[in-house]
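Quick notes on the structure that follows.
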Amino acid sequence: MGRLGGGARARRVRRVGVWEDEGVTAPDDAPEMPTAHSWHLPRLFAAWAVAAVIGVLVTVFFSGDERFAWLAFAIGLSTLVTFGLQLGTAQREGFITRLAFSVAGSVLVIAVIDVIGLLLS
């Protein structure tokens, strides 16, 4: 291994399948790594709000067999909106988890609105 500033010598140590350099510290101005993934809650709520609006529109304007076809379209459209919102975060850590929760929430929102619409009609 090469020499570090001040004559200190770095030593590589293997820990749980990862090689780490002992004795090497990050500079004082290095950014801190986040300890947990950010959920981007405003984007989750925005996706669910879009799903709610689409679900209400479908429930109000369509009935019978036509309604179920439009509900499938509503779920597909809300999935695309969700995907776009989550891609907009430009953060790859936790992307699949955020996307899964967002899509599942959108489907749940549309389903609840549809059930309420069926009970009221």
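The values are calculated or read from the model by the stated rules, or taken from the named source; none is laboratory data. None of these values were measured; they are calculated from a predicted model. In this analysis, Cβ positions are derived from the backbone assuming ideal geometry, glycine residues included, and neighbour counts consider all displayed protein chains.
Go through (1) at pLDDT 90 or above; (2) surrounded by fewer than 16 Cβ atoms within 10 Å (Cβ to Cβ); (3) of a type outside the set (Phe, Trp, Tyr) one by one and return the number of the condition Gly6 breaks.
(1)
Could you grab me the full set of residues in the range 81-99 that are surrounded by 12 or more Cβ atoms within 10 Å (Cβ to Cβ) and under 17 Å from Ala51 (Cα atoms)?
Once the filter is applied, which keeps residues that are surrounded by 12 or more Cβ atoms within 10 Å (Cβ to Cβ) and under 17 Å from Ala51 (Cα atoms), the range 81-99 yields Val81, Thr82, Phe83, Leu85, Gln86, Arg98, Leu99.
What number of residues within the range 67-111 satisfy the criterion of being more than 20 Å from Arg43 (Cβ to Cβ) and either touching a residue at least 40 places away in the same chain (Cβ under 8 Å) or among the small types (Gly, Ala, Ser) (or both)?
Qualifying residue count for the region: 5.
Filter the range 56-109 down to residues that are in a helix (DSSP H, G or I) and among the charged types (D, E, K, R) and give me whichever is nearest to the chain's Cα centre (by Cα).
So the residue we want is Arg98.
Which residue pairs have Cβ atoms closer than 8 Å, lie 6 or more positions apart in sequence or on different chains, and pair a first residue in the range 32-56 that is under 21 Å from Ile113 (Cα atoms) with a second residue that is among the aromatic types (Phe, Trp, Tyr) and modelled with pLDDT of 90 or more?
Once the first residue is under 21 Å from Ile113 (Cα atoms) and sits in the range 32-56, its partners that are among the aromatic types (Phe, Trp, Tyr) and modelled with pLDDT of 90 or more give Leu44/Phe101.
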